[in-house]
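To start, the structure itself, in structure tokens.
The values are calculated or read from the model by the stated rules, or taken from the named source; none is laboratory data. Every value quoted in this text rests on a predicted model; they were computed, and no experiment measured them. Heads up, the Cβs are rebuilt from the backbone with ideal geometry, glycines too, and the neighbour counts pull from every protein chain shown. Just the protein is used for accessible areas: all its heavy atoms, side chains included, with ligands, DNA and RNA removed. Shrake-Rupley method; radii C 1.70, N 1.55, O 1.52, S 1.80 Å.
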Amino acid sequence: MQRLILKSFQSPGDILMLTAAVRDLHRSHARKFQTDVRTSCDDLWTNNPFLTPLKEDDSDVESIDMHYPLIHQANQLPYHFIHGYRRYLEDRLSLRIEPSRFSGDIHLSDAEKSSELTVAGLKEKPFWLIFAGGKYDFTAKWWDPQNYQAVVDHFAGRIQFVQCGSADHWHPRLNGVIDLVGKTSLREVVRLTYWSQGVVCPVTFAMHLAAAVEAPKGRPRNRACVVVAGGREPPQWEAYPHHQFISTNGALSCCSDGGCWKSRCQQVDDGDSKDRHVCEQPVELRRGLSIPRCMHMITPEDVIRRIELYFDGGALQYLSDGGENTVVPPASRNGDCSKSHGDGNSDSTVEQTTEHRIAFYHGLGDAAYFARLIPMYRKRGHRLAVECTPDKRFIFEAAGASSLPEKGATAVHQWAYPPDHAPRAEHGNFWRGSKMGHNLSEAPLPNIGDKGTLWEEFVSTHVDIASALPTAAKDTAHEWLGRLQKPIVLFHQKGNTAQRRKSLPNAVASKFYESFLDQCDGTLILMDWDQRVPRLASHRIRHLSDLGKCTTEIMFAMMLEADLTVGVDSGPLHAANLARVPAMGIWMPQHYPSTYTLPRANQLNVVLSDGTEQWNRYKRIPWRIVEHSGNSFEGEKLTQFVAGMLDQPRYIPEDKAADVQMCQFVDDFCRCRGTSSLAHYWDRNRSFDVLLREMRSRFDKPTVVETGTIRAEEDWAGAGFFTYLMGTYLHHRGGRLHSVDIGAANCEFARTWTQVFGDTVSVSCEDSLQFLHRFSEPIHVLYVDSLDTTEPNHAVHALKEVQAVEAHLRPDALIVFDDSPWHAGATIGKGAEAVPWLLNRGWKIIYAGYQVIMSRTA
């Protein structure tokens, strides 16, 4: 009997094809071989009956590095990927291996197939998996995420989509799906596939898994799968007979003879040979995002029709048709951070050949941000081993690095400051002036690309701290916090380095304690390891020493259980950023968020208005910055921000920090601070509150049209600064703002100020009536603010604007007229003609002050 160990450390899709070769070897030559494997994806071999544990150092064991050279003839020969490893093994063993099944070979246990665990939100309903992204180094496989969203939206109420993918890869979040991106192990993806009706994906591991995993009893034998393929690979190499494989091969010159096999749409400058295989016909969807033309040619309607075929033919039934109702999703992860997750494309898909042995002896905050670099290097083929203090080892190990003993490193990382510590007063280029941005691609680690190009990837990189925490730490935190009144707020007020500059004065902290007891429910825990903070005798104010000895692991576990972490510029605040839990930073003078922390959802950053105005206008949106008036903090005002983070969101439920910032824009910035000849009091703070609340309750991804754009800096209390205000709201909630103005200077000003929102805001320079007559999209909100009230015929002009788009206003649309107060028994200003005209047509006023808001339904 011949004994073999087969080796391959390619991507999960490749390893899945290797499972087929092992199966076919044993079915063709039963009892002639004993086989074991060494691969990058152990979870794909679980329960495999064809494997026998073997030792590589046994003299009668032959190790074979597996390859599939058949791929180099894929454009010329009628072979599928499944033949690649099998043909190579035939040549190595000099025997014939008959293919036995057109799929990979996955084996689920009875327990896996009978488990009754569910993912919240599925509620026993049939579902489809959707993989709407891919690896950063294979951008030629990407499709426009807006197209994926259009597919999801089309089947709303009829198909429940579950989005999967690795947190280390590019997976733009979709609305209307159950979001499991970064939340599943590789084996859990196998189980999800087992229970799924179908799969939507590009050419990736998921399509091979859809064919390889059996279906539950009572379901169609072959699982539905729609593949957005484009022209990179020839169909015969990738497609399965029962899949809908959408190919554009032959439609373009670059893939007329089969697949082009290009890897990227632009160079990444990471030293990888893929940079020499760049798409010949890239299409720029928006700044920073290009996809191949062959993928761009595929429309959402193409994918929708292919999905519908499975239902039209009777293979499947929609949810509303009363179809199958037994759905058993996977169990949650069990703390094994070595497993791959998401779509199965683990870090081991990159051949790990380079190890960097780095000493990193810095504080907890710096360690948290350095840890986020590790996955970026791993997926580019670099292995990191880190020498550090014992309390930080688990952080770096969770990120994918190994640990070194003392003096085991060959280089020391200085984690240096940028040359200019001051934030840059400029729109965009957010990495400039950032300590973390400065350390991208810095020695002693190799250069993996331009800092500006890497910035967004760095900001979005996730380290799975929760899964890496020891069970004992999580149990301790649960026991400590379980007996305290909720909500729980962790409060860290004293820095370790630069204590005088970073720390909150004791008098301010004491006043904060008192204000917290007065304004907030729950318990405040003073995260003070060194007995440096004032105390207050209250059951709801607890010192860390009241609970027990707190290690770094327990601190992270407490953060994951608590409702909010509040801290100065020191380790716990930055650890909360790494753990992605709700947080609020208090930034003393000489310390500024954009220099020392990364922007993220659910982290509010409070700065003193004096001395920061020149930066806030540029940095406030990404960093969710709010302003505390004056040049010193007050405990009562800090409590107001904490209360906002603990309250239910008013406008932006997806991001508490963005919601608190939006509340400051509306309640404070837009509050009247002047008078005019038209009206004594401008109450836009109240009308904007009504408008945004109505929009949240009525619309998903609304289209907003504004006539007359912003034209003066920070003109909140004067003209309302609506373009910026609405851009902020839509930036977080989805949707689009179209602003039109006839003044070229105004338009240029607005474009500069709103570029932080990307393609959420567009500004057109032309006459508003001409623009509105051409506008053909359904409109959710029309904001009328073009001609100043000092201009003749401003009211008539506003009426004409309404009439120009009346046919495109949705049944539940809102119309807002700025500068339209009530005087002498009638609306005056811009709405003087349009408001009564609309009232006569069945519209109703839902708010009237300095602005008028109207709706067809109250």
Selection status of Asn447, more than 23 Å from Thr597 (Cβ to Cβ), open to solvent by 10 Å² or more (accessible area, probe 1.4 Å) and over 27 Å from the mean Cα position of the chain (by Cα): no
Keeping to segment 460-497, report how many residues are without any contact (Cβ under 8 Å) to a residue 24 or more places away in the chain and either within 29 Å of Ala643 (Cβ to Cβ) or of a type in the set (Asp, Glu) (or both). 4
Evaluate segment 181-202: report whether one residue or more is free of Cβ contacts under 8 Å to residues at least 24 places away in the same chain, at negative phi and surrounded by fewer than 22 Cβ atoms within 10 Å (Cβ to Cβ). no
Search result, residues across segment 647-658 that are crowded, with 22+ Cβ neighbours inside 10 Å and farther than 14 Å from Ala601 by Cα: Tyr651
Within segment 842-858, does at least one residue satisfy the condition of being out of contact with any helix residue (DSSP H, G or I) (no Cβ under 8 Å at 6 or more places or on another chain) and without any contact (Cβ under 8 Å) to a residue 12 or more places away in the chain? no
Restricting attention to segment 132-163, report how many residues are assigned to a loop (DSSP other than H, G, I, E, B) and out of contact with any Ser or Thr (no Cβ under 6 Å at 6 or more places or on another chain). 12
With the checklist (1) farther than 19 Å from Arg684 by Cα; (2) open to solvent by less than 40 Å² (accessible area, probe 1.4 Å) in hand, flag the one item Asn793 doesn't pass. (2)
All conditions in (1) open to solvent by 10 Å² or more (accessible area, probe 1.4 Å); (2) in contact with a Gly (Cβ under 7 Å, 6 or more places away or on another chain) are true of Gln590 except (2)
Scanning segment 357-378 residue by residue, those among the basic types (Lys, Arg) and more than 15 Å from Arg580 (Cα to Cα) turn out to be Arg357, Arg378
Extreme residue, modelled with the lowest pLDDT, among residues of segment 144-172 that are hydrophobic (A, V, I, L, M, F, W, C) and more than 20 Å from Gly734 (Cα to Cα): Ala167
For segment 283-326, what are the residues that are open to solvent by less than 40 Å² (accessible area, probe 1.4 Å), part of a loop (DSSP other than H, G, I, E, B) and at pLDDT 80 or above? Ile298, Leu316, Tyr318
Does Leu481 qualify as being open to solvent by less than 60 Å² (accessible area, probe 1.4 Å), touching a strand residue (DSSP E or B) at 6+ places or on another chain (Cβ under 7 Å) and not in a loop (DSSP other than H, G, I, E, B)? yes
I need the helices (runs of 4 or more DSSP H) fully contained in segment 634-724, keeping only those with at least 2 residues that are of a type in the set (Lys, Arg) and more than 24 Å from the chain's Cα centre (by Cα). 684-698
Taking segment 377-426 only, how many residues are under 21 Å from Ser441 (Cα atoms), over 26 Å from the mean Cα position of the chain (by Cα) and buried (at least 16 other Cβ atoms within 10 Å of the Cβ)? 8
Can you find, within segment 247-261, the residue that is nearest to Asn75 (Cα to Cα) among those that are in contact with a Pro (Cβ under 6 Å, 6 or more places away or on another chain) and open to solvent by less than 40 Å² (accessible area, probe 1.4 Å)? Gly258
Unmet criterion (only one of (1) touching a Pro at 6+ places or on another chain (Cβ under 8 Å); (2) open to solvent by 10 Å² or more (accessible area, probe 1.4 Å); (3) of a type in the set (A, V, I, L, M)) for Val463: (2)
Within segment 691-720, how many residues turn out to be at pLDDT 95 or above, in contact with a Phe, Trp or Tyr (Cβ under 7 Å, 6 or more places away or on another chain), under 18 Å from Met662 (Cα atoms) and open to solvent by less than 50 Å² (accessible area, probe 1.4 Å)? 3
Only one of Ala832, Ala804 is modelled with pLDDT of 95 or more, open to solvent by 10 Å² or more (accessible area, probe 1.4 Å), among the aliphatic types (A, V, I, L, M) and in contact with a His (Cβ under 6 Å, 6 or more places away or on another chain). Can you tell me which? Ala804
Residue, farthest from Asp153 (Cα to Cα), within segment 725-744, restricted to residues that are among the aliphatic types (A, V, I, L, M) and part of a strand (DSSP E or B): Val740
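Would you check if Glu442 is touching a residue at least 12 places away in the same chain (Cβ under 8 Å), under 28 Å from the mean Cα position of the chain (by Cα) and under 16 Å from Tyr377 (Cα atoms)?
Details: touching a residue at least 12 places away in the same chain (Cβ under 8 Å): yes; under 28 Å from the mean Cα position of the chain (by Cα): yes; under 16 Å from Tyr377 (Cα atoms): yes.
When the stated conditions are applied, Glu442 passes them.
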If a residue must be open to solvent by less than 50 Å² (accessible area, probe 1.4 Å) and either at pLDDT 95 or above or of a type in the set (Val, Ile, Thr) (or both), how many such residues does segment 30-42 contain? 5
Do we find that Pro53 is surrounded by fewer than 16 Cβ atoms within 10 Å (Cβ to Cβ), free of Cβ contacts under 8 Å to residues at least 24 places away in the same chain and closer than 25 Å to Val213 by Cβ in this structure? yes
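Restricting to segment 604-614, name every residue that is of a type outside the set (Ser, Thr, Tyr) and either closer than 16 Å to Gln661 by Cα or touching a helix residue (DSSP H, G or I) at 6+ places or on another chain (Cβ under 6 Å) (or both).
Those that are of a type outside the set (Ser, Thr, Tyr) and either closer than 16 Å to Gln661 by Cα or touching a helix residue (DSSP H, G or I) at 6+ places or on another chain (Cβ under 6 Å) (or both): Leu604, Asn605, Val606, Val607, Leu608, Glu613.
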Within segment 596-616, is there a residue that is within 20 Å of the chain's Cα centre (by Cα) and part of a helix (DSSP H, G or I)? no
Quick one: count up the residues across segment 765-790 that are open to solvent by 50 Å² or more (accessible area, probe 1.4 Å) and in contact with a Ser or Thr (Cβ under 8 Å, 6 or more places away or on another chain). 2
